[in-house]
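Written out below as structure tokens is the structure these notes cover.
The values are calculated or read from the model by the stated rules, or taken from the named source; none is laboratory data. For clarity, every value in this text was computed on a predicted model and none was experimentally measured. Here Cβ is always computed from backbone atoms with ideal geometry, including for glycine, and neighbour counts include all displayed protein chains. Ligands, DNA and RNA are excluded from the accessible area calculation, which covers all protein heavy atoms including side chains. Shrake-Rupley method; radii C 1.70, N 1.55, O 1.52, S 1.80 Å.
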Amino acid sequence: MMSGEIRCPAGGHKFFVIGEVRGGQIHSVTYELTGKARELADTVEGSVTAILLCGRLTDPVEAVIGSGADRVMVVEHPALTLYNQEVETKVLAHILEGEEPEVILAGATTSGRTTLPALAAKLGTGLTADCTGLAMDPETGLLLQTRPAIGGNVMATIKTPVHRPQMATVRPRTFRAPETDILRKGEIVRPEIHSSLFESLVENLGFENAPEGEGNIQDMDVVVSGGKGLKRPESFRMLGELASLLGGGVGASRPAVEAKWLGYPHQVGLSGKVVAPKVYIAAGISGAVQHLAGMQTAGYIVAINRDPDAPIFRVADLGLCGDLFEIVPRLIERLKKEGVKA
Ligand SMILES: Cc1cc2nc3c(=O)[nH]c(=O)nc-3n(C[C@H](O)[C@H](O)[C@H](O)COP(=O)(O)OP(=O)(O)OC[C@H]3O[C@@H](n4cnc5c(N)ncnc54)[C@H](O)[C@@H]3O)c2cc1C
């Protein structure tokens, strides 16, 4: 472990991931993006550095190295305990000075969406917000930044040919975090930051977590979602029962949320949450692109729909074509009788 001096790993393009720490714990989007940055950097023999800014870190930094970073820069300071865009931007700009980053990635979380535009402006470059796909162009070596555009009706792929760095925020759960390689070696650096950079005009008065109801569906291994096909709010009770038998949570399409059948924290899709559970069950959901944007990286997708041409069947691993009001109660009955088998 080193401290003080900021050193660069040798060779190639430099990829940076602005990690996220909440309450001392490293947020999963940090691992997702470090893993993806590693994959991209390997195509151009590049290096990956993750930067963690926080009040105090309780999680092991080595896990970030294990997910693909060559180097992790950690800055711990009381001024970083509660999110402060002004301080984060100043500290990040200082760290990145002289590094010549080629690519900078951050989560499209509330803080990532706030800090990265300010950082991009400070660095004199552009930013592609809210990406749902990243790749390297094999011909030009440019970062291909894909995101929904025109109301989510098309997927646009954006390049940054002139300015550097190429910067993007990426929706959490867009990529799967890699398995942690505990044998992977990397460098942990604690850069020295002048105290003036921690000064701020903003006074943080406190922090309150938003109520999530019975749990955040982004953290669940199983999500059972319902759409307009459920016809009435009471039908969600049946989905709730199925979800609880499977140890999961309940999601919904946007029309179901707009009809107030379920609250907004349950909405899956472009304007809701991106979920990547092991199993995603979509009942009475047609499979519009805006819904797929929120669930297509799920491990195993089960679609229940009475329309054999419903687009959801194109992404489903298992399609059950029929009336959900017959199929879901039968699934519940069977699970009650036989239990969940691994
Ligand atoms: C900018 C923008 C953002 C958006 N963001 C989101 C978002 O975040 N999330 C989202 O979900 N949508 C979003 N949408 C809306 C999206 O385009 C679709 O309108 C929506 O996903 C459709 O919801 P649905 O599948 O529940 O309804 P429908 O498209 O009406 O589908 C209902 C389905 O239920 C089936 N069905 C009906 N009765 C039964 C039955 N008894 N048994 C079995 N199947 C049955 C039907 O065959 C049909 O396929 C967005 C749209 C825009 C323009």
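Here region 14-198 has an Rg and Dmax of 15.4, 47 Å, counting Cα atoms alone.
Take every Cα pair under 8 Å whose residues are at least 6 apart in sequence, average their separation, divide by the length of region 1-158, and the relative contact order is 20 percent. Per residue, the average separation of C-alpha pairs within less than 8 Å and at least 6 apart gives the chain a relative contact order of 15 percent.
For the set Lys36/Lys159; Lys122/Lys185; Lys36/Lys278, the pairs lying more than 23 angstrom apart at their alpha carbons are Lys122/Lys185.
In the chain, helical runs assigned H by DSSP with n ≥ 4 each contribute -39500 (n - 2.57); averaged across all residues and rounded to the nearest 500, the mean residue ellipticity at 222 nm is -7000 deg cm²/dmol. What's the carbon and sulfur percent of the chain's accessible surface, probe 1.4 angstrom, rounded to a whole number? Whole-percent figure for carbon plus sulfur exposure: 52.
On a per residue basis, the chain carries 49 Å² of accessible surface, using protein heavy atoms and a 1.4 Å probe. Under 14 Å from a point 7 Å along the Cα-to-Cβ line of Glu258: which residues of region 284-300 have their amide N that close? Only 286, 288-291 fall inside the zone, counting backbone N under 14 Å. Across region 35-49, coupling constants 3J(HN,Hα) worked out from phi with the 6.51/-1.76/1.60 Karplus curve, θ = phi - 60°, read x, 5, 4, 4, 4, 5, 5, 5, 6, 10, 6, x, 10, 10, 10 Hz, and Gly and Pro carry x.
Of the peptides 164-175, 42-53, 136-147, the order by per-residue mean of other Cβ atoms within 10 Å, starting with the highest, comes out as 164-175, 42-53, 136-147. In this structure the amide hydrogen of Gly68, modeled in the peptide plane, comes within under 5 Å of no amide hydrogen from residues 5 or more places off or on another chain.
Distances between placed amide hydrogens fall under 5 Å for Ile285 paired with Gly227, Ile304, all partners being 5 or more residues away or on another chain.
For region 217-338, the Cα-based Rg and Dmax, in that order, read 12.6, 38 Å. Label sites at Ala149 and Asp42, each approximated as a point 7 angstrom past Cα along Cα to Cβ, lie 3.0 nm apart.
Derived scalar couplings between HN and Hα for region 320-336 equal 10, 8, x, 7, 4, 6, 9, 5, 5, x, 5, 4, 4, 4, 5, 5, 5 Hz in order, rounded to whole Hz, by the Karplus curve 6.51 cos²θ - 1.76 cosθ + 1.60 (θ = phi - 60°), x for Gly and Pro. If you take the Cα centroid of region 145-190 and the Cα centroid of region 94-123, the two points sit 12 Å apart. Here the relative contact order of region 189-342, from alpha carbon pairs under 8 Å that lie six or more residues apart, stands at 19 percent. Once backbone amide H atoms are built at 1.01 Å from N, Gly46 has His13 as its partners under 5 Å, excluding neighbours fewer than 5 places away on the same chain.
Evaluated at q = 0.10, 0.22 Å⁻¹, the base-10 log of the normalised Debye intensity for region 119-206, with identical point scatterers placed on the Cα atoms, takes the values -0.46, -1.10. Based on the Cβ-Cβ distance of Lys231 and Arg330, what FRET efficiency does E = 1/(1 + (r/R0)^6) give at R0 = 30 Å, to the nearest 0.05? Plugging the Cβ-Cβ distance into 1/(1 + (r/R0)^6) gives 0.95. Rg/Rh for the chain stands at 1.01; both radii use Cα atoms, and Rh follows the Kirkwood definition.
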